[in-house]
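A quick write-up on the structure given underneath.
A short reminder: the numbers here are calculations on the coordinates, not readings from a lab. These figures come from a predicted structure and were not determined experimentally. Note: ideal-geometry Cβ built from the backbone for every residue, glycine included; neighbour counts use all protein chains shown.
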Amino acid sequence: MFNKKKTKRAVDTLITQHTTITGDMAFSGVLYIDGKVIGNVSAVEGGSILTIGARGSVEGEINVPHVIVFGEVEGDIHANEEVELMEKASIKGDVYYSLLQMAMGAAVNGKLVHKAPAGTQRLEHKPQAKSQIDSE
């Protein structure tokens, strides 16, 4: 269960350090941001990965299955698979995740909200009624 091997995937799209993009972005595959994105970032297919590099930042909402943050995010992160917050990651917003890895030194100024992975059922506990015992 916890011994799953991660395979490295090649970067499909790279936003370099001296690049600023204003507007919402939709992508598939692997996106690496080392520049600045002002707008929402979302994946159009499952299995997509977003990495925000140490010099990268996103000002907007993120909706991507797997998010890795080395830099800064100002906005909510929604990941139905995994969120990895590295040592100097800075998040100003809520983080919705299925699996979370957070290194010492990462900062989240918002809520951490666990979401059950897609396709899993949640078990509910229903307390049993207590029986009354007559004491005579």
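Any residue at all in the range 32-39 that's within 19 Å of Gly93 (Cα to Cα) and part of a loop (DSSP other than H, G, I, E, B)?
Checked against the condition, which is being within 19 Å of Gly93 (Cα to Cα) and part of a loop (DSSP other than H, G, I, E, B), the range 32-39 yields at least one hit.
Return a yes/no flag: does the range 87-95 have any residue that is closer than 27 Å to Thr16 by Cβ and touching a Lys or Arg at 6+ places or on another chain (Cβ under 6 Å).
We begin by selecting, within the range 87-95, every residue closer than 27 Å to Thr16 by Cβ; these are 87-93, 95.
Subset that is touching a Lys or Arg at 6+ places or on another chain (Cβ under 6 Å): none.
The answer is no, given that none of the residues of the range 87-95 is closer than 27 Å to Thr16 by Cβ and touching a Lys or Arg at 6+ places or on another chain (Cβ under 6 Å).
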ask   = Counting only residues that are crowded, with 19+ Cβ neighbours inside 10 Å and over 16 Å from the mean Cα position of the chain (by Cα), which one in the range 36-51 is nearest to Ile62 (Cα to Cα)?
value = Val37
ask   = From Lys111, Lys115, which residue is farther than 21 Å from Lys36 by Cβ and in contact with a Phe, Trp or Tyr (Cβ under 7 Å, 6 or more places away or on another chain)?
value = Lys115
inquiry  = Here are the criteria: (1) of a type in the set (A, V, I, L, M); (2) surrounded by 13 or more Cβ atoms within 10 Å (Cβ to Cβ); (3) not in a strand (DSSP E or B). Tell me which single one Ala10 does not satisfy.
reply    = (2)
request  = Working only within the range 9-56, note down all residues that are of a type in the set (S, T, N, Q), more than 20 Å from Glu82 (Cβ to Cβ) and in contact (Cβ under 8 Å) with a residue 24 or more places away in the chain.
outcome  = Gln17
